[in-house]
1. Which residue pairs have Cβ atoms closer than 8 Å, lie 6 or more positions apart in sequence or on different chains, and pair a first residue in segment 37-54 that is under 24 Å from Ala71 (Cβ atoms) with a second residue that is basic (Lys, Arg) and at pLDDT below 80?
2. Between a first residue in segment 70-89 that is within 16 Å of Leu55 (Cα to Cα) and a second residue that is surrounded by 10 or more Cβ atoms within 10 Å (Cβ to Cβ), which pairs have beta carbons less than 7 Å apart while being 6 or more apart in sequence or on different chains?
3. Hey, does segment 68-80 have a residue that's loosely packed, with under 10 Cβ neighbours inside 10 Å, hydroxyl-bearing (Ser, Thr, Tyr) and at pLDDT 65 or above?
4. Report yes if Thr35 is part of a helix (DSSP H, G or I), of a type in the set (Val, Ile, Thr) and at pLDDT 85 or above, otherwise no.
Amino acid sequence: MSTSSISTPVLQLCVPAIAGIEVVETIDKDGNPKTITKYRLLDKGRSLERLGRYLAMYQEPGDKTGEGLSALAGVMTKALEMKRKLLESVNAD
């Protein structure tokens, strides 16, 4: 789906999260055409669960390392540091 076919700017930002679109054209009681657009979003819970399993955030039985959470904390710390540096460079200009 191309974002140029979606008219609302907010929807253009949401395109990666849309799993499906259904357009229903009906006629209201006064005889005027009416278009209803339904958006089906991706299942965020399932995606987050898969991401957690990929990052080994869940401990398997007998696993005492907990490395997944440590790795995630390291990634988040680096991301926050990059954000701080970016904001500093923007504010310096």
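The values are calculated or read from the model by the stated rules, or taken from the named source; none is laboratory data. These numbers were taken from a predicted model, which means no experiment stands behind them. So basically every Cβ, Gly included, is an ideal-geometry build from the backbone, and we count neighbours across all protein chains shown.
1. none
2. Ala71/Leu55; Leu72/Leu55; Leu72/Met57
3. The initial filter retains those residues of segment 68-80 that are loosely packed, with under 10 Cβ neighbours inside 10 Å, namely none.
Checked against the condition, which is being loosely packed, with under 10 Cβ neighbours inside 10 Å, hydroxyl-bearing (Ser, Thr, Tyr) and at pLDDT 65 or above, segment 68-80 yields no hits at all.
4. Values: part of a helix (DSSP H, G or I): no; of a type in the set (Val, Ile, Thr): yes; at pLDDT 85 or above: yes.
The answer is no for Thr35.
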